[in-house]
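Shown below is the structure under consideration.
Read-outs: derived from the displayed coordinates by stated rules, not from any lab. Keep in mind the model is a prediction, meaning the values are calculated, not measured. Here Cβ is always computed from backbone atoms with ideal geometry, including for glycine, and neighbour counts include all displayed protein chains.
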Amino acid sequence: MRLGVLASGSRGNAFVIEHDGCMVFIDAGLSGRKHTERLLESGFGGFFPRALFISHEHSDHIKGAGIVARKWNIPIYGSSGTLNASMGKLGKLPGTEILENGTGVDFGSFTVNAFSVAHDAADPSGFVIEWSSGKLGIATDLGKSSPLVEDNLTGCSAMVLEFNHDENMLWEGSYPWNLKQRIASTTGHLSNSAASELLGAVYHKDLKVCVLAHLSQENNLPHLAEKASREVAGGTVKIHTGMQDKPLPAMDL
């Protein structure tokens, strides 16, 4: 299994996974051109995608979804709430497939499962990808953890987990008060401390990789997120920080 982080941050999020020659996208918050360029930069040239999964309808996750789906003539998967809320933003699509939270779909030798998360969107999803020798959890937009989230992320050998903001930077920063409240709410985004608490709750000795995702460019710094994660993950987990302006190299999981 290989994971690509094409972009991660408040201005656009896009991920790709590939296993045994089968590739799917998760979110497409970049322009179609940038999505294609970064796919090649990160080492996924030569593979034809089978599907695009979208976590929720916010523009930093679906900005390029319609273009990407039409370019490769692939269906878009999402919960019924997410698909309904996205339709007016995506244009004409090759096809859509409902993937309700709590269900999964098989692609080649891996399965993509969706689970519910707390975010201010219609019916947002986190994802767990399972294959014969591992499990990847992706949770990039959630205001709080829950027993359901922890249950889905338990046992993961790799994770992409939101470390959105440093609480002091958020409250002391320049954002208007209502936006600060929205970000810090239970349907907003995880702070470094909340994310590290979640990471600590599901940490186990076979967790090998954790990507810190959706860092705010205004209210966080990579070294703060990395420090928070390492306090609970120990020295055995490879910590990577997703970036807004360039992709991470493909990671073997």
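Once you have all Cα-Cα distances for segment 2-243, histogram them in 5 Å bins from zero and send the whole-percent values.
1, 7, 15, 19, 21, 17, 12, 6, 2, 0
When only DSSP loop residues count, what trypsin sites (Lys or Arg not before Pro) in segment 152-253 have their Cβ near at most 11 other Cβ atoms within 10 Å? Intermediate values should be presented prior to the final figure.
Numbers: sites: 180, 182, 205, 208, 227, 230, 238; in loops: 205, 208.
Here the sparse-neighbourhood loop sites are 205.
Take the alpha carbon gyration tensor of segment 93-164, find the square roots of its eigenvalues, order them as a ≥ b ≥ c, and report rounded if a/c is under 1.5; if not, report prolate when a/b exceeds b/c, else oblate. Numbers along the way, then the final one.
Numbers: a/c = 1.92, a/b = 1.09, b/c = 1.77.
Oblate, since a/c reaches 1.5 and b/c is not below a/b.
Let me ask another. Would you grab the residues whose amide H sits under 5 Å from the one on residue 238? Only those 5+ places off in sequence or on another chain, please, with H modelled 1.01 Å from N.
Amide H to amide H, under 5 Å and 5 or more residues apart or across chains, residue 238 pairs with 209, 210.
For a quick check: with amide H placed at 1.01 Å from N, whose amide H comes under 5 Å from residue 221's, ignoring anything fewer than 5 positions away on the same chain?
Under 5 Å from the amide H of residue 221: 166.
Now for a different question. Taking only DSSP H segments of four or more residues, each worth -39500 (n - 2.57), what value at 222 nm results for the chain once the sum is divided by all its residues, to the nearest 500 deg cm²/dmol?
Numbers: 9 runs with 77 residues, N = 253.
Computed ellipticity for the chain at 222 nm equals -8500 deg cm²/dmol.
How would you rank 232, 160, 128, going from fewest to most other Cβ atoms within 10 Å of each one's own Cβ? If you can, show how the numbers build up before the last one.
Values: 232 17, 160 26, 128 21.
Listing 232, 160, 128 from fewest to most nearby Cβ atoms yields 232, 128, 160.
With springs only between Cα atoms under 10 Å apart, run a GNM on the chain and tell me which of 122, 14, 65 wobbles the most.
122
Sticking with this one: Where a Cα-Cα gap under 20 Å defines reach, which lysines qualify for residue 208, not counting those fewer than 8 residues away within the same chain?
Hits, sequence-local ones excluded: 135, 227, 238.
Here's another thing I want to ask about it. Toward the positive end of the charge dipole of the chain, about the Cα centre and with charges on Cβ (Lys, Arg +1; Asp, Glu -1), which of 161, 196, 10 goes farthest?
Of the listed residues, the answer is 10.
Can you tell me the relative contact order of segment 2-243? Whole percent, Cα pairs under 8 Å, sequence separation 6 or more. Kindly include the intermediate steps, with their values, before the conclusion.
On the way: 564 pairs, mean separation 36.2, N = 242.
Across segment 2-243, relative contact order equals 15 percent.
Rounded to the nearest 5, what % of DSSP beta bridges with both residues in the chain are antiparallel? Let's see the in-between values first.
Values: 29 of 51 bridges.
Of those bridges, close to 55 percent are antiparallel.
Rounded, prolate or oblate: pick one for segment 108-253, where a ≥ b ≥ c are the square roots of the eigenvalues of its C-alpha gyration tensor, a/c under 1.5 means rounded, and failing that, prolate if a/b is larger than b/c, else oblate. Show your work: numbers first, answer last.
Details: a/c = 1.81, a/b = 1.42, b/c = 1.27.
In terms of gyration-tensor shape, prolate.
Arranged by the count of other C-beta atoms within 10 angstrom, fewest first, what order do 77, 203, 175 take?
Values: 77 24, 203 21, 175 17.
Ranking 77, 203, 175 by Cβ neighbours within 10 Å, fewest first, gives 175, 203, 77.
When only C-alpha pairs under 8 Å and at least 6 residues apart count, what is the relative contact order of segment 75-179, in percent?
Values: 163 pairs, mean separation 19.3, N = 105.
In percent, rounded to a whole number, it is 18.
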